[in-house]
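Okay, structure first, notes after.
The values are calculated or read from the model by the stated rules, or taken from the named source; none is laboratory data. In this text the structure is predicted, and so the values were computed from the model without any measurement. When we count neighbours, we look across all protein chains shown, and the Cβ atoms used for this are built from the backbone with ideal geometry, even at glycine. For accessibility, only protein heavy atoms count, side chains too; no ligands or nucleic acids. Shrake-Rupley method; radii C 1.70, N 1.55, O 1.52, S 1.80 Å.
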Amino acid sequence: AGIGKRVALDLARRNARTILACRSRERGQAVAEEIRAATGNPAVLLRLLDTGSLASVRAFAQAVLREEKRLDVLVNNAGLTGLPFTVTPEGLEQTFATNYLGPFLLTNLLLG
């Protein structure tokens, strides 16, 4: 939803191969189908990613590097705020992991 959806829609309209990296398969699939229908671009893909989980970030980056010939643009816009204090399974504060550490790790892994 929001900015990420708008950016993906614009990229797909420009005929870009667009990967939606979403936590929710159900919501992500609905948006991918909506963007494909609106743009006529069949190259809108859904991949699961939770930037609050460094293991998820590593798995996503490995898959992208394995499956894609190149990566021209990376838009890091996932984030959350206002949640009660929680700790990830990796021992990190959830908001900090999701908003900063995950995107930082993802960017560095994809620079490859």
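Considering only residues that are surrounded by 15 or more Cβ atoms within 10 Å (Cβ to Cβ) and not small (Gly, Ala, Ser), which ones fall in region 8-27?
LEU9, LEU11, ARG17, THR18, ILE19, LEU20, CYS22, ARG23
Being touching a Ser or Thr at 6+ places or on another chain (Cβ under 9 Å) and either part of a loop (DSSP other than H, G, I, E, B) or crowded, with 18+ Cβ neighbours inside 10 Å (or both) is the filter here, so list the residues in region 40-54 that pass it.
ASN41, ALA43, VAL44, LEU49, ASP50, THR51, GLY52, SER53, LEU54 - these are the residues of region 40-54 that are touching a Ser or Thr at 6+ places or on another chain (Cβ under 9 Å) and either part of a loop (DSSP other than H, G, I, E, B) or crowded, with 18+ Cβ neighbours inside 10 Å (or both).
Go through region 63-86 residue by residue and tally those that are open to solvent by 80 Å² or more (accessible area, probe 1.4 Å) and farther than 14 Å from ILE19 by Cβ.
4
Could you grab the pairs with beta carbons closer than 6 Å, sequence gap of 6+ or different chains, first residue in region 48-62 and within 15 Å of GLU93 (Cα to Cα), second one open to solvent by less than 20 Å² (accessible area, probe 1.4 Å) and of a type in the set (S, T, N, Q)?
Taking only residues 6 or more apart or on different chains, the pairs are THR51/THR98; GLY52/THR88; GLY52/THR98.
Among (1) more than 16 Å from LEU106 (Cα to Cα); (2) among the hydroxyl-bearing types (Ser, Thr, Tyr); (3) assigned by the TED database to the domain that holds LEU106, which single condition is SER56 missing?
So the condition that SER56 fails would be (1).
Let me spell it out: the conditions are (1) in a helix (DSSP H, G or I); (2) of a type in the set (Gly, Ala, Ser); (3) open to solvent by 30 Å² or more (accessible area, probe 1.4 Å); (4) under 23 Å from THR95 (Cα atoms), and ALA30 meets all of them except one. Which number is the exception?
All conditions pass for ALA30, except number (4).
Taking the residues in region 74-112 that are of a type in the set (A, V, I, L, M, F, W, C) and assigned to a loop (DSSP other than H, G, I, E, B) as candidates, determine which candidate is modelled with the lowest pLDDT.
Checked region 74-112; the qualifying residue modelled with the lowest pLDDT is ALA78.
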